[in-house]
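Only one structure is covered here, and it is reproduced in the block below.
Derivation of every value follows stated rules applied to the coordinates shown; laboratory data play no part. Remember, predicted model here, so these are calculated numbers, not experimental data. With ideal geometry, Cβ positions are generated from the backbone for all residues, glycine too; neighbour counts draw on all protein chains shown.
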Amino acid sequence: MIESSAIAQNIEAIQARMAAAAARSGRSLDDVTLVAISKKKPPADILQAYAAGIRHFGENRLEEAQAKIPQVMAQLPDADIQWHMVGHIQSRKAEDVVVQSFDFVHSVDRVKIAQRLSRFAVEQNQTVTVFLEINVSGENAKYGFLANRWQSDAEQRQALYSDIKRLLALPNLQIRGLMTMAPYVAEPDVTRPVFRGLADLRGALCNDFPALALPHLSMGMTNDFEIAIEEGATIVRIGRAIFGERLTYEE
Ligand SMILES: *Cc1c(COP(=O)(O)O)cnc(C)c1O
């Protein structure tokens, strides 16, 4: 018998909790993808998670991903890993994000970054699959298109809709979902309305923009992934519950 690693045990426990959350809301676990957020963690941890069945990994810093992804792929040349970029992208790094060929970019949080990704994707003859990061909670510190009052505030809704019109016109950019981060607390009373708000916004956007297909809702982290699944998450992004705590200065 091979002893399973702490990481493998953590993954098993999370998958059981994901299954229970899906069952509670009448959903299938097949409709929820677990992305292991490996930021600040070494390639060896990624290899362990891969051995435990994880095929989706997410990083939040480009430089770190650029160093780590080749190291992992050197160990697992035939691995069927999908890489997700989940962190804020500086404008001057947009070209590198395209070159790195992430399978999904969750953090398109402003028109300017979408324009740059599109431009470099055209230059590289690539398509970039993106999610729009939405600030549903309205917290000042959060990135994303502001949508904390889109239902009651016509001006905010118009601003959002005009941004989305501009995004839809950009070549080589496939918008496939919405992403959000709830306030950093574990209370369902606080997080649930944020996740529900993102799901509602998806419904409205799909209704109002026939050209927009948004199969994905990327929401839910260590603190709150079960609530997110109950509210319709198709992708949960989990770091600490898989890999353990990160050093605080590295958040
Ligand atoms: C770090 C991070 C996560 C994972 O957070 P945990 O609390 O470790 O599960 C998810 N999404 C984004 C955008 C992150 O930066």
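Numbers at a glance
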{"read-out": "Modelled FRET efficiency - R0 30 Å, Leu146 with Arg17, Cβ distances, 0.05 increments", "value": "0.45"}
{"read-out": "The stretch 111-251 shape via C-alpha gyration tensor axes, a/c threshold 1.5", "value": "oblate"}
{"read-out": "Protection proxy ranking, peptides 113-120, 18-25, average beta carbon neighbours within 10 Å, highest first", "value": "113-120, 18-25"}
{"read-out": "Table column - 3J(HN,Hα) (Hz), the stretch 192-198, Karplus curve with 6.51, -1.76, 1.60, x for Gly and Pro", "value": "4, x, 5, 5, 5, x, 5"}
{"read-out": "Kirkwood hydrodynamic radius of the stretch 115-186, Cα pairs, Å", "value": "13.5"}
{"read-out": "Placed amide H near Leu146: partners under 5 Å, 5+ positions off or other chain", "value": "Asn135"}
{"read-out": "Amide H within-cut-off set for Val130, under 5 Å, with H built and near neighbours excluded", "value": "Val105, Gln174, Ile175, Arg176"}
{"read-out": "Over the chain: helical MRE at 222 nm, DSSP H runs n ≥ 4 each giving -39500 (n - 2.57), nearest 500", "value": "-13000 deg cm²/dmol"}
{"read-out": "Ordering of 104-112, 71-79 by burial proxy (mean other Cβ atoms within 10 Å per residue, highest first)", "value": "104-112, 71-79"}
{"read-out": "Taking all pairs of distinct alpha-carbon atoms in the chain, Kirkwood radius in angstrom", "value": "18.6"}
{"read-out": "Amide H contacts under 5 Å for Thr33, placed H, 5+ residues apart", "value": "Ile235, Val236"}
{"read-out": "Asp78/Ala154 FRET efficiency (R0 41 Å; Cβ-Cβ; nearest 0.05)", "value": "0.20"}
{"read-out": "In order through the stretch 205-212: 3J(HN,Hα) via Karplus (6.51 cos²θ - 1.76 cosθ + 1.60), integer Hz, x for Gly, Pro", "value": "5, 5, 6, 8, 10, x, 7, 9"}
{"read-out": "Listed residue (Asn148, Leu117, Val105) projecting farthest to the positive dipole end of the stretch 83-188, Cβ model", "value": "Leu117"}
